[in-house]
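Reviewing the structure listed below.
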Amino acid sequence: MTPAEVAELLQVKPEALKRMRAAGRGPAYVKDGRLIRYRPAAVNDWLRACERGGEHGRG
């Protein structure tokens, strides 16, 4: 996935996603030269790790 696609999914601006990368936060990504891509599984794993509250994990 491109940074723009991930930013749209997360409902943040691409610049915010860039700041997350620079700070070592956010989903894992692959960098090849100047090209940055995200594996969909990595984005989903990161989202799951961020889940709080709700019905998740109940009985």
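The values are calculated or read from the model by the stated rules, or taken from the named source; none is laboratory data. The shown structure was predicted, so the numbers you read here are calculated from the model rather than taken from an experiment. Glycine also receives a Cβ, built like all others from the backbone with ideal geometry; neighbour counts cover every protein chain displayed. Calculation scope for accessible area: heavy atoms of the full protein, side chains included, ligands and nucleic acids excluded. Shrake-Rupley method; radii C 1.70, N 1.55, O 1.52, S 1.80 Å.
Helical content alone sets the calculated 222 nm signal of the chain at -13500 deg cm²/dmol, taking -39,500 (n - 2.57) per DSSP H segment of four or more residues and averaging over every residue. Ligands, DNA and RNA left out, the accessible area of the chain computed with a 1.4 Å probe is 51% carbon and sulfur.
Heavy-atom accessible surface of the chain, averaged per residue, reaches 80 Å², computed with a 1.4 Å probe. For the chain, a crude dipole built from +1 on the beta carbon of Lys and Arg and -1 on the beta carbon of Asp and Glu, taken about the Cα centre, is about 260 debye to the nearest 20. Applying a DSSP loop filter and a limit of 11 other Cβ atoms within 10 Å to the trypsin sites (Lys or Arg not before Pro) in the chain leaves R25, R34, R52, R58. Globularity index of the chain is 1.23 (Cα radius of gyration / 2.2 N^0.38 Å, N = number of residues).
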